[in-house]
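I have placed the structure first, in the form of structure tokens, so that the comments after it can refer back to it.
Taken together, the values in this text are just the output of simple stated rules run on the coordinates, not laboratory data. Because the structure is predicted, anything quoted here is derived from the model rather than measured. Positions of Cβ are generated from backbone atoms using ideal geometry, with glycine treated the same way; all protein chains shown enter the neighbour counts.
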Amino acid sequence: MVNAAKARLSAETFDDFLEEQNLLADCEESAIKAIIADQIRLAMKEQGLTKTAMAARMQTDRRQLDRLLDPSNPSATLSTLRRAAAAVGRTLRVELA
């Protein structure tokens with residue numbers, strides 16, 4: 001019995017575990033948000049943009065930009081992400097896989 005349990009555990013992926021705990025979607029969403037925030041931050045750095053200048057390009061305030069760049073804040077809309085991408089000369093791509 002112990003060997004069967006060990007075999008199941010060794011075959012189980014971390015995604016499987018998160019799915020069983022009903023956490024996979026939230027974790028993936030947080031990871032995607034963190035990646036996008038990092039990409040925006042990197043593009044800002046490459047262009048020498050301050051948060052104030054970036055917010056001005058996005059036609060928003062710095063508080064909204066701070067929320068966008070905060071990976072723990074899930075409130076970013078597609079519209080905000082698109083404006084941020086455009087502000088650094090990029091495009092936002094969303095696809096279903």
(message) For the range 70-97, give me each residue that is more than 14 Å from L49 (Cα to Cα), of a type in the set (A, V, I, L, M, F, W, C) and buried (at least 17 other Cβ atoms within 10 Å of the Cβ).
(response) A76, L81
(message) Tally up the residues in the range 34-52 that are of a type in the set (A, V, I, L, M) and surrounded by fewer than 15 Cβ atoms within 10 Å (Cβ to Cβ), please.
(response) 3
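Can you tell me which residues in the range 55-76 are among the aliphatic types (A, V, I, L, M) and either more than 28 Å from D26 (Cα to Cα) or under 12 Å from the mean Cα position of the chain (by Cα) (or both)?
Here is the first cut: in the range 55-76, the residues among the aliphatic types (A, V, I, L, M) are 55-56, 58, 65, 68-69, 76.
The answer is A56, L68, L69, A76.
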